[in-house]
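The structure appears below as structure tokens.
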Amino acid sequence: QQPVQSPQAVILREGEDAVINCSSSKALYSVHWYRQKHGEAPVFLMILLKGGEQKGHEKISASFNEKKQQSSLYLTASQLSYSGTYFCGTGNSGNTPLVFGKGTRLSVIA
Amino acid sequence: NAGVTQTPKFRILKIGQSMTLQCAQDMNHNYMYWYRQDPGMGLKLIYYSVGAGITDKGEVPNGYNVSRSTTEDFPLRLELAAPSQTSVYFCASSYSGGFNQPQHFGDGTRLSIL
């Protein structure tokens, strides 16, 4: 039931764009995105609920495709501060806890 | 505004010892969670609670116990520590209203069992 994230790791130069995908084998009710910097706690980025709504957070946005049972996180014009590991957490209903993916390690270099 | 506070930050245990990881939140959140994080494996849910007096097992509960006597505190107990329990442990909390609320994480406890 653990969602599958791809790619596992990506290296970007400052200013480049990236897409991180999160796929589930089960129908999704919600998808959460978190970022964790090395040695720190995960930090909440955004939640997407069933309905396909795209959300944005400065230059980071995400989409949710119910039919494909997947969500994508879009990082535009990446900055050094974007480096870290990105986790998606998926909910199959409103009454069950999230299950987190293994994470995607993003490294932004100058 | 402290948020979620975990203690201790680091601990080394010997095999067979027991200990309690403390977690406290000051945001009046009803939902609280314990995760373990192993390298490359993401966050695995150990136990969770939807309110004082209510706890339930997550994905990897074996070897752990929890209690929730107050809204603020959610301690995690390790009995008979084993090397497989070497990990980073995170406590998190969220507003009530289902599991679709942002989770706020503590800074973690790094536990080594030798």
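The values are calculated or read from the model by the stated rules, or taken from the named source; none is laboratory data. As the structure is a prediction and not an experimental result, all values here were calculated from the model. Because the Cβ atoms are built from the backbone with ideal geometry, glycine has one as well, and the counts that use them run over all protein chains shown. Just the protein is used for accessible areas: all its heavy atoms, side chains included, with ligands, DNA and RNA removed. Shrake-Rupley method; radii C 1.70, N 1.55, O 1.52, S 1.80 Å.
Observations
- Selection from A:Ala18, A:Ser30, A:Tyr74 lying farthest towards where the dipole of region A:11-110 points positive, charges on Cβ: A:Ser30
- Between B:Asn65 and A:His38, the C-beta separation translates, for a Förster distance of 41 Å, into a calculated FRET efficiency of about 0.85.
- Cα centroids of region A:1-67 and region A:71-110: 4 Å apart.
- Neighbourhood net charge (12 Å Cβ-Cβ; Lys/Arg +1, Asp/Glu -1) for B:Met41: +1
- Cα-Cα over 27 Å, subset of A:Lys26/A:Lys102; A:Lys37/A:Lys68; A:Lys102/B:Lys9; B:Lys9/B:Lys57: A:Lys37/A:Lys68
- Peptide packing: for B:40-46, B:86-92, A:37-43, B:12-18, the average count of neighbouring Cβ atoms within 10 Å per residue gives the ranking B:86-92, B:40-46, A:37-43, B:12-18, highest mean first.
- Measuring r between the beta carbons of A:Glu66 and A:Arg13 and using R0 = 41 Å, the FRET efficiency lands at 0.75.
- Leading residue at positive end of dipole, chain B (Cβ point charges), from B:Ala24, B:Ala81, B:Gln37: B:Ala81
- Average other protein chain Cβ within 10 Å of Cβ, residues B:101-107: 5
- Average beta carbon contacts from partner chains per residue of B:84-91, 10 Å cutoff: 1
- The aspartates and glutamates whose alpha-carbon is closer than 18 Å to the alpha-carbon of A:Lys50, local same-chain residues fewer than 8 away aside, are A:Glu66.
- Exposure of A:Met46 as accessible area (Å², to 10), given a probe of 1.4 Å and all protein chains: 10
- Efficiency of FRET between B:Ser96 and B:Ile15 - r from beta-carbon atoms, R0 45 angstrom, step 0.05: 0.70
- Shielding of peptide A:95-103 by partners, expressed as the average count of other chain Cβ atoms within 10 Å per residue Cβ, is 6.
- Taking 0.36 nm per residue of separation and subtracting the current Cα-Cα distance, fully stretching the chain between A:Leu80 and A:Lys26 would add 16.0 nm.
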